[in-house]
Amino acid sequence: MSASTMPRAARPAATARSGGPGFARVVASEWTKLISLRSPWWTAVVTVVVAGLITYLSASASSVDPGFTPASDLTTGLMLAQIGPLVLGVLVGAGEFRTGAFRTTFTLVPRRWPALAAQVLVVTAFALGIGVLTLAASALALLPPAASRDLPLGLTAGDTPGIMLRTVLFVVGLALVGLALGALLRRTVPALITALVLVIFLPVVLMMVGDPGVDAAGMAAPHQVTVPGAIGAFTPGTAAQLMTTSTSHGPMPGTPDIGPVGGTLVLGAWVVLLLVVAAVRLRVRDVR
């Protein structure tokens, strides 16, 4: 049968096949791959449990303070639980390169970037679920300490609703940082080490170096921005911490006062930057 006599219905199908599967099918495939593995589920469980446990322990210790307010301990569990979203993202971003499955994926999706875009969507959806469950576990962990003082949780007072929203975005943002680093570095261990340094260790070092400390009289020095503090405020780790702090707390020592909204924008910028770099490398560099 010549091309001129080919049925019209067959032509779009042939064209679609020549360009690879549609984006919806790529997303469905990535979602199936994600939920069929045990590691994302274990990561989610550990993240939720650790967040709830640390929040409970912190709130219980704080409950003896006469000025105890339960909602102030809502995000204390994220200090350690933030590792979970990073691990999730790295496993997804570097997983196919570790197993060699990328050869099949990029044969079926020759333009490559749709596969990364699909991973961004499925990781975002999965991390949203983790973020909501983490927030719920942290709120439930506050109930016993609050009940011991006969205090309300106060989750609707002040800027707590905004903190709750940004807590979920915190989990999603760190998962996408891990995904971008995994796709960029293509190896699980180097990507995870890089993620931990950027998000956890580097902010702590810069904060310690940039803290102006006390003056000669032993009094706390007035707030001043230092170079290490200014750099630290724009790292993804410090930005993520700022997202879940109250506006009444003020800036961290030595850092500019960019606030929770500024922290959200900085983390979002890091996510976009790392994903763009990963997409460019995926497009222009060979994969082996």
Estimated FRET transfer efficiency when R0 is 35 angstrom, pair Phe201-Ala24 (beta carbons, to 0.05): 0.30
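Quote to one decimal, in nm, the extra length available between Leu155 and Gln224 on full extension: 0.36 nm per residue of separation minus the C-alpha distance between them.
So the chain would gain 21.6 nm between Leu155 and Gln224.
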Run the numbers for Leu128 and Ser148: contour at 0.36 nm per residue of separation, minus the present Cα-Cα distance, in nm. 4.0 nm
What length, rounded to one decimal in nm, is gained on full extension from Val284 through to Leu140, with 0.36 nm per residue of separation minus their alpha-carbon distance? 47.1 nm
Please state the shape class of segment 19-164: rounded when a/c is under 1.5, otherwise prolate if a/b exceeds b/c and oblate if not, all from the C-alpha gyration tensor. prolate
Nearest-0.05 FRET efficiency for Thr99 and Val209 at R0 = 41 Å, using Cβ-Cβ distance, is 0.55
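What net charge do the residues around Gly67 carry, taking every other residue with its C-beta under 14 Å from that of Gly67, with Lys and Arg at +1 and Asp and Glu at -1?
-1
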Highest-first arrangement of 171-180, 26-35, where packing means the average Cβ count within 10 Å: 171-180, 26-35
How far apart, in nm, are two points set 7 Å out from the Cα along the Cα-to-Cβ line at Leu165 and at Leu80? 3.1
Efficiency of FRET between Arg187 and Ala269 - r from beta-carbon atoms, R0 25 angstrom, step 0.05: 0.50
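No value in this document is a laboratory result; all are computed from the given coordinates. Quantities reported herein were computed from a predicted structural model and do not represent experimental measurements. We place every Cβ from the backbone using ideal geometry, glycine too, and count neighbours over all the protein chains shown.
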